[in-house]
Amino acid sequence: MTLVSAPELVELLASDASVSVLDVRWTLAEPDGHAAYLAGHVPGAVYVDLESDLSDHAVSGRGRHPLPAGIDLQAALRRWGVDDGDTVVVYDDWNRAGSSRAWWVLRAAGLADVRILDGGWAAWRAAGGPVQTGVSEVGEGTVTVRHADLYSGGLPTLTSGDAAELGSTGVLLDARAPERFRGEVEPVDPVAGHIPGAVNLPSTSILREDGAFADREQLAALFRARGTDGTVTAGAYCGSGVTAAVLVAAAAVADVPLALFPGSWSQWSSDSANPVETGAGAS
């Protein structure tokens, strides 16, 4: 199970189930969501910093948000109070980016039951969920991370070479906004454009107006329209591996296998030997 609704989370928290809730508020414009967390969060939720907890910026050559090492992630998970066997619920307040990154990282680390709060913080408030302010106090967790290297962990990943091959022989989805995909603008990385052969499927296009994921049938149709139906090898990338995780999560809902290129465009475009394509392509 990939998603949990706000009413379902209310029931989970009221039950005897062992549940850990992680607040992963993050946006490109405001990567530090701690102030928003302090102002109000799901009761018992612990704030997770995507930049420092779900990325390792000491790693070079792997894009703007390199994956954390398993041992560092394990220490963070224990600090957040996560035990082995917990149901871990992650949420954010912007386009499911932070929660999908957390979902992907934790699943790649080997955690079995990680769920994204469908619709995020807005859905929790709309459902009348209770709100806690300040910091949630939690005890030390006991969880064990099963994969030391998340690049070869519990979920499939792509290297630059794999991404290049998929662009010509499989399906490679670019989760960025259309204008970035076409190379008309590039607000973050040094080169504009996309990986040759990639197809544009913006991560926001798989969300409903209220920020919840489209239903399973709609998601399956969106992936089929981009040539991804489970019969061909497929992968996804974005600017730095964050919003592409939204596509991977959506693909999981639709039972479509989809690998992630963690370094994404930030890694690809940093190597001048890599070709760059502009325009609408096959999208």
Check whether at least one residue in the stretch 44-58 is part of a loop (DSSP other than H, G, I, E, B), open to solvent by 20 Å² or more (accessible area, probe 1.4 Å) and closer than 17 Å to ARG115 by Cβ, and report yes or no. yes
From the options ARG176, ARG101, ARG107, ARG180, residue that is touching a helix residue (DSSP H, G or I) at 6+ places or on another chain (Cβ under 9 Å) and within 21 Å of ASP84 (Cβ to Cβ): ARG107
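For every residue, the table says whether it meets (1) under 19 Å from GLY263 (Cα atoms); (2) at pLDDT 95 or above; (3) under 17 Å from the mean Cα position of the chain (by Cα); (4) of a type in the set (Gly, Ala, Ser).
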| residue | (1), (2), (3), (4) |
| --- | --- |
| VAL105 | yes, yes, yes, no |
| GLY119 | no, yes, yes, yes |
| LEU150 | yes, yes, yes, no |
| SER160 | yes, yes, no, yes |
Quick one: is GLY120 within 29 Å of SER5 (Cβ to Cβ), in contact with an Asp or Glu (Cβ under 7 Å, 6 or more places away or on another chain) and surrounded by 14 or more Cβ atoms within 10 Å (Cβ to Cβ)? yes
Residues of the stretch 3-23 being touching a Phe, Trp or Tyr at 6+ places or on another chain (Cβ under 7 Å) and not in a helix (DSSP H, G or I), in sequence order, are LEU3, SER20, LEU22, ASP23
From the list VAL105, VAL88, VAL135, which one is touching a Leu at 6+ places or on another chain (Cβ under 9 Å), assigned to a helix (DSSP H, G or I) and touching a residue at least 12 places away in the same chain (Cβ under 8 Å)? VAL105
For the stretch 59-85, what are the residues that are assigned to a helix (DSSP H, G or I), touching a helix residue (DSSP H, G or I) at 6+ places or on another chain (Cβ under 7 Å) and either without any contact (Cβ under 8 Å) to a residue 60 or more places away in the chain or under 25 Å from PRO202 (Cα atoms) (or both)? ALA76
Residues in the stretch 187-194: is at least one modelled with pLDDT under 95, part of a loop (DSSP other than H, G, I, E, B), within 22 Å of HIS57 (Cβ to Cβ) and open to solvent by less than 40 Å² (accessible area, probe 1.4 Å)? yes
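The values are calculated or read from the model by the stated rules, or taken from the named source; none is laboratory data. These numbers come from a predicted model, not from an experiment. Methodologically, a virtual Cβ is constructed for each residue, glycine included, from the backbone with ideal geometry; neighbour enumeration extends over all protein chains shown. Note: areas computed on protein heavy atoms with side chains; ligands, DNA, RNA excluded. Shrake-Rupley method; radii C 1.70, N 1.55, O 1.52, S 1.80 Å.
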